[in-house]
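The values are calculated or read from the model by the stated rules, or taken from the named source; none is laboratory data. Computed from a prediction, not measured in an experiment: that's the story for all the values here. Positions of Cβ are backbone-derived with ideal geometry, glycine not excepted, and every protein chain shown enters the neighbour counts.
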Amino acid sequence: MLQKIAEKVEVGMSNVPRWIKWKNRVYKIERIGLHHTYREGRTLYHIFSVAAPTLFFRLRLNTESLSWKLEEISDGLPS
């Protein structure tokens with residue numbers, strides 16, 4: 001089931017996201033999916049689709065503030 005979240009998260013990086021800390025739990029990223037960028041005004045955003053063992057995440061990095069948001073989460077099951 002896909003859920004829109006829009007919550008701030010912590011992300012560990014080394015060129016690509018390695019882990020996500022959300023709701024006091026750390027999720028180790030096992031796979032990196034799609035990555036793209038877009039601009040809103042002068043702010044550049046990076047969008048990452050990543051997978052932990054049981055969940056899929058869509059993350060947004062704001063390069064102006066260097067803050068991360070969890071935009072969507074899915075367990076892969078139909079709605």
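Among the candidates ILE32, ILE73, which residue alone is out of contact with any Lys or Arg (no Cβ under 9 Å at 6 or more places or on another chain) and surrounded by 11 or more Cβ atoms within 10 Å (Cβ to Cβ)?
Details: ILE73 fails: out of contact with any Lys or Arg (no Cβ under 9 Å at 6 or more places or on another chain).
Matching residue, one of ILE32, ILE73: ILE32.
Take the range 1-18 and flag every residue that is part of a loop (DSSP other than H, G, I, E, B) and within 24 Å of PRO78 (Cα to Cα).
Taking the range 1-18 and keeping what is part of a loop (DSSP other than H, G, I, E, B), we get 1, 15.
MET1 - this is the single residue of the range 1-18 that is part of a loop (DSSP other than H, G, I, E, B) and within 24 Å of PRO78 (Cα to Cα).
Give the residues of the range 2-52 that are farther than 15 Å from LYS69 by Cβ and among the hydrophobic types (A, V, I, L, M, F, W, C), sorted by residue number.
LEU2, VAL16, TRP19, VAL26, ILE29, ILE32, LEU34, ALA51, ALA52
What are the residues in the range 34-79 that are part of a loop (DSSP other than H, G, I, E, B) and not aliphatic (A, V, I, L, M), if any?
Just the residues of the range 34-79 that are part of a loop (DSSP other than H, G, I, E, B), to begin with: 41-42, 52-55, 63-66, 75-79.
If the condition is that a residue be part of a loop (DSSP other than H, G, I, E, B) and not aliphatic (A, V, I, L, M), then GLY41, ARG42, PRO53, THR54, THR63, GLU64, SER65, ASP75, GLY76, PRO78, SER79 are the ones that fit.
In this structure, is LYS21 touching a residue at least 60 places away in the same chain (Cβ under 8 Å), part of a strand (DSSP E or B) and out of contact with any Ser or Thr (no Cβ under 8 Å at 6 or more places or on another chain)? Steps first, please.
Numbers: touching a residue at least 60 places away in the same chain (Cβ under 8 Å): no; part of a strand (DSSP E or B): yes; out of contact with any Ser or Thr (no Cβ under 8 Å at 6 or more places or on another chain): yes.
It is false that LYS21 is touching a residue at least 60 places away in the same chain (Cβ under 8 Å), part of a strand (DSSP E or B) and out of contact with any Ser or Thr (no Cβ under 8 Å at 6 or more places or on another chain).
Kindly list, by first and then second residue, each pair from a residue in the range 28-40 that is among the aromatic types (Phe, Trp, Tyr) to a residue that is surrounded by 10 or more Cβ atoms within 10 Å (Cβ to Cβ), limited to pairs with Cβ atoms under 9 Å and residues at least 6 apart or on different chains.
TYR38/LEU44; TYR38/TYR45; TYR38/HIS46; TYR38/ILE47
Scan the range 56-75 residue by residue and report those that are touching a Pro at 6+ places or on another chain (Cβ under 9 Å) and closer than 16 Å to LYS23 by Cβ. Talk me through it step by step, then tell me what you get.
Of the range 56-75, the ones touching a Pro at 6+ places or on another chain (Cβ under 9 Å) are 57, 59, 61, 68.
Matches in the range 56-75: PHE57, LEU59, TRP68.
Could you list, in sequence order, the residues of the range 56-79 that are at pLDDT 95 or above and either touching a His at 6+ places or on another chain (Cβ under 6 Å) or of a type in the set (A, V, I, L, M) (or both)?
LEU59, LEU61, LEU66, LEU70, ILE73
Tell me which residues, restricted to the range 48-68, are touching a residue at least 24 places away in the same chain (Cβ under 8 Å) and under 14 Å from MET13 (Cα atoms).
Our first condition is that a residue be touching a residue at least 24 places away in the same chain (Cβ under 8 Å); within the range 48-68, this holds for 48, 50, 52-53, 55, 57, 59, 61, 67-68.
The answer is PHE48, VAL50, LEU59, LEU61, SER67, TRP68.
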